[in-house]
1. Hey, any hits in region 145-164 for a residue that's in a loop (DSSP other than H, G, I, E, B), crowded, with 16+ Cβ neighbours inside 10 Å and either more than 28 Å from the chain's Cα centre (by Cα) or not acidic (Asp, Glu) (or both)?
2. In region 334-356, which residue that is open to solvent by less than 30 Å² (accessible area, probe 1.4 Å), in contact with a Leu (Cβ under 9 Å, 6 or more places away or on another chain) and of a type outside the set (Ser, Thr, Tyr) is nearest to Leu299 (Cα to Cα)?
3. Hey, could you check region 190-223 for residues that are of a type outside the set (A, V, I, L, M) and closer than 17 Å to Arg23 by Cβ and say which is nearest to the chain's Cα centre (by Cα)?
4. Might you let me know whether region 270-290 holds any residue that is assigned to a loop (DSSP other than H, G, I, E, B), more than 30 Å from Val97 (Cα to Cα) and touching a strand residue (DSSP E or B) at 6+ places or on another chain (Cβ under 8 Å)?
5. How do the pairs read when you match residues in region 166-182 that are touching a residue at least 24 places away in the same chain (Cβ under 8 Å) and in a helix (DSSP H, G or I) with residues anywhere that are polar (S, T, N, Q) and surrounded by 14 or more Cβ atoms within 10 Å (Cβ to Cβ), using Cβ under 8 Å and keeping only pairs 6 or more apart or on different chains?
6. Please name all residue pairs, on different chains or six or more residues apart, with Cβ atoms under 6 Å, provided the first residue is in region 250-279 and is at positive phi and the second residue is at pLDDT 95 or above and open to solvent by less than 30 Å² (accessible area, probe 1.4 Å).
7. Would you point out the residue of region 493-515, among those that are at pLDDT 75 or above and open to solvent by 90 Å² or more (accessible area, probe 1.4 Å), that is farthest from Arg421 (Cα to Cα)?
8. Does Gln228 fit the bill of being open to solvent by less than 30 Å² (accessible area, probe 1.4 Å), out of contact with any Asp or Glu (no Cβ under 7 Å at 6 or more places or on another chain) and polar (S, T, N, Q)?
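The values are calculated or read from the model by the stated rules, or taken from the named source; none is laboratory data. These numbers come from a predicted model, not from an experiment. Here the Cβ positions follow ideal geometry from the backbone for every residue, glycine too, while neighbour counts run over all protein chains shown. These accessible areas exclude ligands, DNA and RNA; they are computed on the full protein's heavy atoms, side chains included. Shrake-Rupley method; radii C 1.70, N 1.55, O 1.52, S 1.80 Å.
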Amino acid sequence: MTDSERALDERLGSAAFLRRNIRKVFPEQWSFLLGEIALYSFMLLVLTGVFLSLFFKPSEEDTVYDGSYALLRGAKVSEAYASTIDISFDVRGGLLVRQIHHWAAVLFVAAICVHLMRIFFTGAFRKPREINWLIGTTLFALAVAEGFGGYSLPDDLLSGTGLRIFQGILLSIPIVGTYLSFFVFGGEFPGHQFIPRLFTVHILLIPGILIALITAHLMIIWHQKHTQWPGPKRTGHNVVGSPTFPQFLTHTIAFQLYVAGLITLLAAWVQINPIWLYGPYRPDAVSSGSQPDWYVGFLEGSLRLMPRISWSFAGHTIAWNALVPAVLLPMAFFTLIALYPFFERWVTGDDRPHHLCDRPRNAPTRTALGMAAITWYGNLWAAGGNDVIAAVFKIPLEYTTWFFRIGFFAFPVIAFVVTRRICLSLQRSDAQAVEEGIESGIIKRLPTGQYIEVHDRPRPEQAMIAQAVHPDDLVRPLPRHIIPLPTPNRIIAQIQARLNQAYTKYAAETPTPEERRELEKRPD
């Protein structure tokens, strides 16, 4: 240790900290990189956002555009719109930075979404990681809000249409809707205070919360250690992989450069959000076939599918066609996602710490619920473009609307049933491979003249993963009441027990070796 290192250690105690953490092990598996994609996209967002904030003017005051874009020269636009056009055409490298910022935002939300799905389907949200699941869900909601805010700042016709919809959503909230709209927009829509307020929220408030939550998320991961797939020498008490230094650090820096390079290539070659083609926002105009960024598409679809229903009650009009799809539905969606770990723990009664991931097929009910939610979300997302679908495929708009309305209820149920059956079938295939081996395609003739197929034994790691299923001790028997009175406690007990069996008794559907032999003896 050099004199400077010794002096630093005497004051900060850094040597002990580094010795303790520099050998921390991280598992080597591609799916664990999804969270890193989100992290590095956010870092790129911060860097490009600082650059853009130096030139953007968050003002809705009118000005006459006199920049390089000839088709807009002399037009009356807002300062926010004019400064965004100037960034695109008059600031050196401005268009590239703008598109890097937008593509990074799209990838940031997508990476968080896919990362949450990976955690959900592998059961990595279970004890002791419930807090990180709540943080991740909050990050997802804030990322969607942050993306919508940045998308709305340029004050072009497309973003202005989205803001008009946002104002309608605020007005649909009973009693306080009008007050909320006036508070947010500073008066009647569109007002002159919303863009400055949104700019402050976009560059200070939400990013500050995101940085705090990401820091807490990483600190908890560092303290609790990473989950890993089951396999030889992998237990709930160790992690098999690469140490932080030098392997993991080298890999993660290289991956960061890959992410930045990919986003830069997208920004250089794939145009996104060309606001000069949309024109400035006008309250009396709307762009044809307008579509928001993908992460807001489900909200657009829910608004299009809801029938026109409104009530008048006590002097107040309740617009259910906006309140239910745009306020209640997103609130229920994010709340259910956040509370799911606690729901599953209540159903299964599994309060043990878990550091090994589940294979999705080994938790068929959870996997089926996840696929049902994805299908439900995808149906709403596709419904957000029902007019474009109708125009491209020459289908009446009413047909596409009713197709997605029926799909809102039918598609998740179909996805649940099909996914659960696929998972159980894969479980049977795994059990058969462990017992009988894997088909090799080689036919062997015995001395007796009989022909048999040679089976290879699965590798120890494959066999261990295939046999990693939930223990039977989680199965809870159905309660039997002497007097079947439908009291609240008895109803809850029955529901909990039946849900428990739906989650934990699936292994009973996989035939045992004895049952399989009996089935093979039966005549056709």
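1. yes
2. By that ranking, first place goes to Ala338.
3. So the first thing to find is which residues in region 190-223 are of a type outside the set (A, V, I, L, M), and the list is 190-194, 196-197, 199-200, 202, 207-208, 215, 217, 222-223.
Now restrict to residues that are closer than 17 Å to Arg23 by Cβ: 222-223.
Working: Trp222: 22, His223: 24 Å.
For region 190-223, the residue satisfying everything is Trp222.
4. no
5. Sorted first by the residue in region 166-182, then by its partner, the pairs are Leu171/Ser181.
6. These pairs meet every condition: Asn273/His102.
7. Step one: filter region 493-515 for residues at pLDDT 75 or above, giving 493-505.
Those left that are additionally open to solvent by 90 Å² or more (accessible area, probe 1.4 Å): 498, 505.
On the way: Arg498: 18, Lys505: 14 Å.
Looking at residues that are at pLDDT 75 or above and open to solvent by 90 Å² or more (accessible area, probe 1.4 Å), I get Arg498.
8. Values: open to solvent by less than 30 Å² (accessible area, probe 1.4 Å): yes; out of contact with any Asp or Glu (no Cβ under 7 Å at 6 or more places or on another chain): yes; polar (S, T, N, Q): yes.
Taking the combined requirement at face value, the residue satisfies it.
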